[in-house]
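The values are calculated or read from the model by the stated rules, or taken from the named source; none is laboratory data. None of these values were measured; they are calculated from a predicted model. Cβ placement follows ideal geometry from the backbone for every residue including glycine, while neighbour counts extend to all protein chains displayed. We work out accessible area using only protein heavy atoms, side chains counted, and drop any ligands, DNA or RNA first. Shrake-Rupley method; radii C 1.70, N 1.55, O 1.52, S 1.80 Å.
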Amino acid sequence: MQNEKFSIIKNATAWIADNEHLMFQMLINFVVAILLLFIGSAIARLAAGGLRKLMNARGVDRTVTQFCCTLLRYALLTFTVIAALGRMGVETSSIIAVVGAAGLAIGLALQGSLSNFAAGVLLVSLRPFKAGEYTQIGGVSGTVEEVHIFSTTLRTVDNKSVVMPNGKIIAGDIVNFSRHPTRRLEIMVGVAYNTDIEHVKEVIMAVVSPDKRLLPNTELMVRLHDMGPSSLNYVVRAWVSNEDYWDMYFDVMEGIKTALDKHNIGIPYPQMDVHLHRNELSAKKSVSLPKSAA
């Protein structure tokens, strides 16, 4: 029994002596791998912190900032772990292949969500609109309530909440009515054909020009716009502040209607003239009726 134990110890000592260089190299690789893990984790933490400060300085949404910083940190940590395993002698090509395949599968499964996320990042970064602004997006008009990372919520004028995917928003037209402090008011007025052009312009101008909500040093225009099927259509263009737009619009419409009625200027209904022509040949024909039996 003692001889057997002695033989095992002797063989182990001999193996250590024969593989001393290999064990020393493995120890070095292990120490280097541990150092790589510590250094990589520190770099990942610093890089994520630097990215967070940069995005906060740019005013990027907090949700986007948190997501991007976390994604960067874990990407660097994954690279660090793979590098440490490679230093230890582990075959990393298969690990990289598995990670790539998993990333591809996740990307395909979350294609729609990732598209909305990327669109949300663009919306938060480019800021074509922000909360509180009145916009028209995808045919829906309303006030922007919240811009989330995957969707945007609008509140319509009749107090309905509309949630729209960010991918659909970024792919369509965005009309922002609140971005600029001023807007041009445009109103179409149709009157009868037998009215005098200059008289109509004077009546409309007398309604619009005294309004104090008109912006100073801006053009007020009343001109004949086109000749419609049943009316002469005039256009009224004036510049007002954004908050006065709708009040000014309704007041001007009501004032113009009252002034036109006062000056007996008609606002015609859509009408159509129908001309009937009698066929002369058919008029000459006589209709012969059968004689009654005697």
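Take Tyr74 and Leu276, extend 7 Å from each Cα along the Cα→Cβ direction, and tell me the distance between the two endpoints in nm.
My value for the distance between the label points is 8.2 nm.
Gain in length, Ala42 to Thr182, computed as 0.36 nm per residue apart minus the alpha-carbon separation, to one decimal in nm? Write out the running numbers ahead of the final one.
Values: separation 140, 0.36 × 140 = 50.40 nm, distance 5.13 nm.
So the chain would gain 45.3 nm between Ala42 and Thr182.
Considering only protein heavy atoms, what is the solvent-accessible area of Lys168 at a probe of 1.4 Å, reported in Å² to the nearest 10?
We get 130 Å² for Lys168.
So for Leu276, Leu232, what's the accessible-area order with a 1.4 Å probe, most first?
Listed by decreasing accessible area, they come as Leu276, Leu232.
Mind grabbing the accessible area of Phe79 for me, 1.4 Å probe, Å², rounded to tens?
Estimated to the nearest 10 Å², Phe79 gives 150 Å².
Taking a 1.4 Å probe, which of Met164, Met227 shows the most accessible area, and what order do the others take after it?
Met227, Met164
For Leu54, Leu185, Leu77, write out the residues from largest to smallest accessible area, computed with a 1.4 angstrom probe and no ligands counted. Mind showing how you got there, number by number?
Numbers: Leu54 95, Leu185 5, Leu77 50 Å².
Result, largest first: Leu54, Leu77, Leu185.
Where the centre of each part is set by its Cα atoms, how far does the stretch 205-246 sit from the stretch 145-198, in angstrom?
That distance is 20 Å.
Calculate, in nm to one decimal, what Asn217 and Thr156 gain on full extension: separation in residues at 0.36 nm each, minus their alpha carbon distance.
Gain on extension, Asn217 to Thr156, equals 18.6 nm.
Rounded, prolate or oblate for the stretch 170-276? Axes are the square roots of the Cα gyration tensor eigenvalues, ordered a ≥ b ≥ c, and the cut-off for rounded is a/c under 1.5.
Because a/c hits 1.5 or more and a/b fails to exceed b/c, the stretch 170-276 counts as oblate.
Lys130 accessible area, nearest 10 Å², 1.4 Å probe?
Near enough 110 Å² of accessible area.
Which entries of Lys130/Lys212; Lys53/Lys130; Lys160/Lys212 have Cα-Cα distances beyond 24 Å here?
Lys130/Lys212; Lys160/Lys212, as the Cα separations exceed 24 Å there.
Can you tell me the relative contact order of the stretch 148-277? Whole percent, Cα pairs under 8 Å, sequence separation 6 or more.
Relative CO of the stretch 148-277 lands at 27 percent.
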